[in-house]
Amino acid sequence: MNVTAKKGISLWGRIGYGLLYLILGIIAIFQIYPLVWLFMFSLKSNSEVFGKSPFALPESPRWENYAKAWTDGSINLYFFNSVWITVVAVVLTVLLASFVTFAITRMNWKYNKLVLGLFMVGLMIPIHSALIPLFDFFNKLNLIDNPISIILAYTAFNLPLTIMILLGFYYTLPREVEEAAVMDGCSVHRIFFQITLPMTTPVISTTVIINMIYNWNEFIFVNTFISSDKYKTLTVGIQNFIGQYLTDWGAIGATLMISIIPILIAFILLSNRIVEGIAAGSVKG
């Protein structure tokens with residue numbers, strides 16, 4: 001009887017796993033298909049876009065759509081702007097967040113809890129509610145149509161979340177190593193840069209990925225603070241490209257694919273680090 005029960009449980013378990021994998025497979029298809037469709041769309045001509053089924057494959061792939069988007073649409077300039085603005089903002093955000101988290105968790109000073117609370121309040125501020133005050137602030141500083149305004153906005157809005165992720169991980173770090181360094185005469189700067197910062201590499205990787213995805217896909221700040229084409233990023237540059245080349249749908253699709261591919265590759269390769277880093281910092285030791 002026990003053997004039969006075990007076999008019955010095993011059978012139902014297999015059926016359950018089979019249904020689970022089937023459901024997950026269907027969800028994966030629905031998630032991946034839009035990207036596949038966009039890629040096929042980017043290889044079509046206008047006659048194929050309007051004259052055939054939207055699900056039809058391109059008869060003769062037009063790879064020149066990518067060359068046209070890269071050169072005629074100035075996507076190469078927008079792509080370069082997205083890269084360097086994202087890199088600078090991510091480095092600045094992670095570095096400042098590490099400074100703040102180290103000061104809150106490793107230094108005893110009177111207002112550390114108050115400062116932490118002020119940073120956490122930043123999580124509750126909607127982006128749209130800050131656009132007009134930020135525009136007025138940057139306008140007074142002559143930073144409108146200047147990439148510095150974008151970098152500062154990205155850094156300010158990403159700091160609270162980055163600090164929150166780092167905070168849990170810092171609480172799990174053993175203090176014995178740092179205390180031994182103090183006994184050996186290490187300064188605070190050496191302790192931070194040579195001991196604490198290297199130990200936080202896993203969670204820093206997580207914050208880098210999250211900040212990178214947000215900065216790369218961000219639209220509102222760039223569209224509000226930047227007007228010159230020479231400073232626009234891919235998200236806003238695509239909008240201008242669509243307005244300028246409205247009839248060339250294949251080039252528009254190629255532009256969208258160019259904007260998606262870098263962040264998609266980065267997410268596929270590094271997505272596990274997001275889960276690992278958040279899990280590592282979610283338990284206070």
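Table for the structure above
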| item | result |
| --- | --- |
| Spatial separation of Cα centroids for segment 97-164 and segment 7-86, in angstrom | 36 |
| Convex hull (Cα only) mean projected area of the chain, reported in nm² to one decimal | 23.8 |
| Quotient of C-alpha Rg and 2.2 N^0.38 Å, computed over segment 162-201 | 1.19 |
| Sulfur and carbon atoms: percent of accessible area, segment 22-79 [1.4 Å] | 73 |
| Share of carbon and sulfur in the accessible heavy-atom surface of segment 115-273 [1.4 Å probe, %] | 69 |
| Inter-site label distance for Leu19 and Lys110 at 7 Å from Cα along Cβ, in nm | 6.3 |
| Gaussian network model of the chain, Cα within-10 Å springs - most flexible of Glu218, Glu179, Glu48 | Glu179 |
| Exposed-site-free run, longest, the chain (rule: chymotrypsin sites (Phe, Trp or Tyr not before Pro); DSSP loop; at most 15 other C-beta within 10 Å) | 112-218 |
| By accessible area with a 1.4 Å probe, ligands and nucleic acids excluded, highest first: order of Met107, Met120 | Met107, Met120 |
| Three-way shape call for segment 1-93 based on the alpha-carbon gyration tensor, with the a/c threshold at 1.5 | oblate |
| Quarter of Cα convex hull surface for segment 112-206, i.e. mean projection, nm² | 8.3 |
| Helical contribution to [θ] at 222 nm, DSSP H n ≥ 4, -39,500 (n - 2.57), averaged over the chain, rounded to 500 | -25000 deg cm²/dmol |
| Simple spin-label estimate for Met120 and Ile132 in nanometres, 7 Å along Cα-Cβ | 3.0 |
| Fluctuation leader among Gly253, Gly122, Gly16 - the chain, Gaussian network, Cα springs under 10 angstrom | Gly16 |
| Per residue accessible area in Å² of the chain, where ligands, DNA and RNA are left out and the probe is 1.4 Å | 58 |
| Filter on Lys140/Lys232; Lys44/Lys232; Lys113/Lys140; Lys110/Lys140; Lys140/Lys230 - keep pairs with C-alpha separation over 25 Å | Lys44/Lys232; Lys113/Lys140; Lys110/Lys140 |
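The values are calculated or read from the model by the stated rules, or taken from the named source; none is laboratory data. Note that the coordinates shown come from a computational prediction; the quantities given were computed from them, not determined experimentally. In this analysis, Cβ positions are derived from the backbone assuming ideal geometry, glycine residues included, and neighbour counts consider all displayed protein chains. Keep in mind that these areas ignore ligands, DNA and RNA; they rest on the heavy atoms of the full protein, side chains included. Shrake-Rupley method; radii C 1.70, N 1.55, O 1.52, S 1.80 Å.
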